[in-house]
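Report on one structure; see the data block that follows.
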Amino acid sequence: MTFFRYTLGLLLSVAISLTLSVRSAVAQFPPSPQSAAFTGAWCAQGDPSKHASIADNGGFLTLTNETGDTSPGQYQGKTSIVAPGWQFVTGTLSPDGSQINWSNGTFWARCNSGGGGGGHRLNLTGTWYAQGDRSQSCSIHQRGNNLQLSNESGGNASGQMNGKRTLTTNWNGTTIGGTVSDNGNRINWDNGTYWIRFRVYASQNN
């Protein structure tokens, strides 16, 4: 009888120890300070019509893409997350926190709230028109602060955001600076030309 009581007591002790260990392990999961860098509204490919989002559920993240599909998210280090529900695609946060670059070649950019006091830089990705002429299409692809541009003549340039609304571009050795308008839809170039974003041109014709 004494042996039985000893064994029962030992089992209870082990069970309590395991329960405390599990609770301790669970308590180590976030809410993590790093979650703020990932959570919130995002725009797939920088397109404001393609809404995506990331929510913090404590021990894991919930990711929702532009088509409404969801996946749990798990942290990988301080600047990356992985989405098991999307074939384990990995997203890496840009240094300025404005963009997540996915391992499948896509990206999410912070959606421009439209307010003048936002802490995130504008995302210039999209179709633009030289002098507002729809027959002279140009394009910009932005990843973080880095830009790839194509003008109406098919010329290509690399560039970089060097301020909240200023950028510098290099067209085969020729440097041209640009200033983005307050609403983010026009770029005035140092050479006297300008580009207007597609959706602004379209709205002018509605």
Inset, instruction - Could you tell me whether T39 is surrounded by 12 or more Cβ atoms within 10 Å (Cβ to Cβ) and modelled with pLDDT of 80 or more? - result: yes
Inset, instruction - Could you tell me whether the stretch 128-136 includes any residue that is touching a Ser or Thr at 6+ places or on another chain (Cβ under 7 Å), modelled with pLDDT of 85 or more and either exposed (fewer than 13 other Cβ atoms within 10 Å of the Cβ) or farther than 18 Å from R186 by Cα (or both)? - result: yes
Inset, instruction - Output the residues belonging to the stretch 162-206 that are exposed (fewer than 12 other Cβ atoms within 10 Å of the Cβ), at pLDDT 90 or above and not in a loop (DSSP other than H, G, I, E, B). - result: T174, T175
Inset, instruction - Go through (1) in a helix (DSSP H, G or I); (2) among the polar types (S, T, N, Q); (3) modelled with pLDDT of 90 or more one by one and return the number of the condition Q148 breaks. - result: (1)
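Of the residues that make up the stretch 107-122, is at least one in contact with a helix residue (DSSP H, G or I) (Cβ under 6 Å, 6 or more places away or on another chain) and farther than 22 Å from G177 by Cβ? Before the answer, list the steps.
Of the stretch 107-122, the ones in contact with a helix residue (DSSP H, G or I) (Cβ under 6 Å, 6 or more places away or on another chain) are none.
Looking for residues that are in contact with a helix residue (DSSP H, G or I) (Cβ under 6 Å, 6 or more places away or on another chain) and farther than 22 Å from G177 by Cβ, one finds none in the stretch 107-122, hence no.
Residues are listed down the side, and each one gets a yes or a no for (1) acidic (D, E); (2) within 26 Å of M161 (Cα to Cα); (3) modelled with pLDDT under 80; (4) not assigned by TED's automatic domain parsing to the domain that holds V180:
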position: T2; (1), (2), (3), (4): no, no, yes, yes
position: S17; (1), (2), (3), (4): no, no, yes, yes
position: A25; (1), (2), (3), (4): no, no, yes, yes
position: Q45; (1), (2), (3), (4): no, yes, no, yes
position: T64; (1), (2), (3), (4): no, no, no, yes
position: T79; (1), (2), (3), (4): no, yes, no, yes
position: G117; (1), (2), (3), (4): no, yes, yes, yes
Legend entry - Qualifying positions in the stretch 148-198 - closer than 12 Å to L122 by Cα, touching a Phe, Trp or Tyr at 6+ places or on another chain (Cβ under 9 Å) and among the basic types (K, R): R186
Inset, instruction - Return a yes/no flag: does the stretch 69-87 have any residue that is among the small types (G, A, S) and under 30 Å from W128 (Cβ atoms). - result: no
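So for the stretch 95-115 (the condition being over 17 Å from the mean Cα position of the chain (by Cα) and either β-branched (V, I, T) or not in a strand (DSSP E or B) (or both)), does at least one residue qualify?
First, the residues of the stretch 95-115 that are over 17 Å from the mean Cα position of the chain (by Cα): 115.
Next, from what is left, pick out any that are either β-branched (V, I, T) or not in a strand (DSSP E or B) (or both): 115.
The answer is yes, given that some residue of the stretch 95-115 is over 17 Å from the mean Cα position of the chain (by Cα) and either β-branched (V, I, T) or not in a strand (DSSP E or B) (or both).
Within the stretch 42-51, restricting attention to residues that are small (G, A, S) and in contact with a strand residue (DSSP E or B) (Cβ under 6 Å, 6 or more places away or on another chain), which residue is surrounded by the most Cβ atoms within 10 Å (Cβ to Cβ)? Steps first, please.
Residues of the stretch 42-51 small (G, A, S): 44, 46, 49.
Checking which are in contact with a strand residue (DSSP E or B) (Cβ under 6 Å, 6 or more places away or on another chain) leaves us with 44, 46.
Working: A44: 20, G46: 24.
The extreme case among them is G46.
Inspect all residues belonging to the stretch 52-66 and state whether any of them is within 9 Å of the chain's Cα centre (by Cα), surrounded by 15 or more Cβ atoms within 10 Å (Cβ to Cβ) and not hydrophobic (A, V, I, L, M, F, W, C).
Step one: list which residues in the stretch 52-66 are within 9 Å of the chain's Cα centre (by Cα), which gives none.
No: the stretch 52-66 contains no residue that is within 9 Å of the chain's Cα centre (by Cα), surrounded by 15 or more Cβ atoms within 10 Å (Cβ to Cβ) and not hydrophobic (A, V, I, L, M, F, W, C).
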Inset, instruction - Exactly one condition in (1) more than 10 Å from the chain's Cα centre (by Cα); (2) within 27 Å of M161 (Cβ to Cβ); (3) at pLDDT 90 or above; (4) hydroxyl-bearing (S, T, Y) is not met by S71; state its number. - result: (2)
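The values are calculated or read from the model by the stated rules, or taken from the named source; none is laboratory data. In this text, all values refer to a predicted model and were calculated from it rather than measured experimentally. Heads up, the Cβs are rebuilt from the backbone with ideal geometry, glycines too, and the neighbour counts pull from every protein chain shown.
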